[in-house]
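Read through the structure below, which is laid out as structure tokens, and then see the notes.
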Amino acid sequence: MKSFVLIFSLLFTVSVQSQKTQQMILHFQNHFGNEMLIPEQSYIMNRDTLTINRFKYYISHFQLTDIQEKKVKLPVQYYLIDAADTNSTTIRLNIPKGQYRSIQFLLGVDSAKNVSGVQAGALDPLHGMFWTWNSGYIMAKLEGTASSSQIAGKQFTYHIGGFRSHNNTTRNIALTLPSSSDTFTIIADAKKWFVGSYELMIAKEPICHSPGTLAVRIANNYAHMFSILSPEK
């Protein structure tokens with residue numbers, strides 16, 4: 001009987017230890033270049049004056065790589081980061097206890113969820129990030145006004161979506177974690193939408209509201225908008 005109790009106790013201890021978790025906190029800090037992005041605030045880009053009204057993007061499919069190169073996929077959840085809602089910019093992840101060297105996530109909403117019917121929470125169409133059942137979710141949105149815009153109200157509106165094959169605008173993001181801390185600040189620089197492999201000029205292309213070539217080009221740019229804020233900064 002004593003042996004049975006001892007074995008049971010050992011198994012119970014191992015089971016509890018295997019379930020030990022820790023919390024990782026991610027603060028998404030939105031920027032425009034070297035400045036903090038604040039809705040309704042103006043920024044200078046080249047000779048253009050931009051006022052950003054909306055900046056939103058979906059984050060999902062977190063995965064971690066530990067110091068032994070073991071990959072840990074977390075349960076899939078969807079988060080909508082909204083520059084106008086400070087409550088949305090902090091994500092708390094319950095992760096297996098360990099030391100991690102990098103984090104990966106998806107910018108956008110995967111194709112399966114795009115065709116899975118009515119969603120709730122962050123994916124609720126009431127958030128204004130959903131087109132139709134055929135065209136799916138807007139992965140990221142940037143809106144505002146610019147002195148160079150040639151359309152009514154000097155507006156520019158980029159609603160970037162598309163989940164099918166060559167029109168896919170989701171992007172896999174991988175960032176190296178700088179330390180063993182459990183709290184990290186991830187910078188999302190909206191200025192990167194305009195530079196990179198494609199030079200996006202508001203004067204020529206102030207609107208993108210559907211999947212296609214322009215949306216993919218902008219997605220290729222915004223794939224580079226994330227970075228980890230170094231602890232010493």
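The values are calculated or read from the model by the stated rules, or taken from the named source; none is laboratory data. Predicted model only: the values in this text are computed from it and were never measured. Here Cβ is always computed from backbone atoms with ideal geometry, including for glycine, and neighbour counts include all displayed protein chains. SASA here: full protein model, heavy atoms, side chains in, ligands and nucleic acids out. Shrake-Rupley method; radii C 1.70, N 1.55, O 1.52, S 1.80 Å.
Look at the dipole of the range 63-132 built from charges on Cβ: of ALA83, PHE130, GLN68, the Cα furthest out on the positive end belongs to GLN68. Under 13 Å from the 7 Å Cα→Cβ point of THR49, by amide nitrogen: which residues of the range 136-162? Residues 145-149 qualify, since their backbone N sits under 13 Å from the label point. The label-point distance for VAL115 and THR213, in a model that sets each label 7 Å from Cα toward Cβ, rounds to 2.6 nm.
Quick one: work out Rg over Rh on the C-alpha atoms of the chain, Rh as Kirkwood radius. Can you show the working numbers first?
Details: Rg = 20.8 Å, Rh = 19.4 Å.
For the chain, the value is 1.08.
For the chain, with all protein chains in place and a probe radius of 1.4 Å, 53% of the accessible heavy-atom surface sits on carbon or sulfur. Computed from backbone phi with θ = phi - 60° and the Karplus coefficients 6.51, -1.76 and 1.60, the 3J(HN,Hα) list for the range 48-54 is 9, 10, 10, 10, 8, 9, 9 Hz; x is used for glycine and proline.
Applying the Karplus relation 6.51 cos²θ - 1.76 cosθ + 1.60 with θ = phi - 60° to the range 168-174 yields 3J(HN,Hα) values of 5, 10, 6, 9, 7, 10, 10 Hz, where x marks Gly and Pro. Model label sites at SER42 and ASP66, defined 7 Å from Cα along the beta-carbon direction, differ in position by 5.3 nm. Residues in the range 51-134 average 51 Å² of solvent-accessible surface per residue, probe 1.4 Å, ligands and nucleic acids excluded.
Dipole size of the chain about its Cα centre, with +1 on Lys/Arg Cβ and -1 on Asp/Glu Cβ: approximately 560 debye, rounded to the nearest 20.
Label sites at LEU175 and GLN104, each approximated as a point 7 angstrom past Cα along Cα to Cβ, lie 1.6 nm apart.
Among rounded, prolate and oblate, which fits the range 135-198 when a ≥ b ≥ c are the square roots of the eigenvalues of its C-alpha gyration tensor, a/c under 1.5 means rounded, and a/b larger than b/c means prolate? Oblate shape, in that a/c is at least 1.5 and b/c is the bigger or equal ratio. Calculate how steeply helix 213-222 sits against the longest principal axis of the alpha-carbon atoms of the chain, using the helix alpha-carbon long axis, and give the answer as 0 to 90 degrees to the nearest 10. Relative to the chain, helix 213-222 is tipped by roughly 60 degrees.
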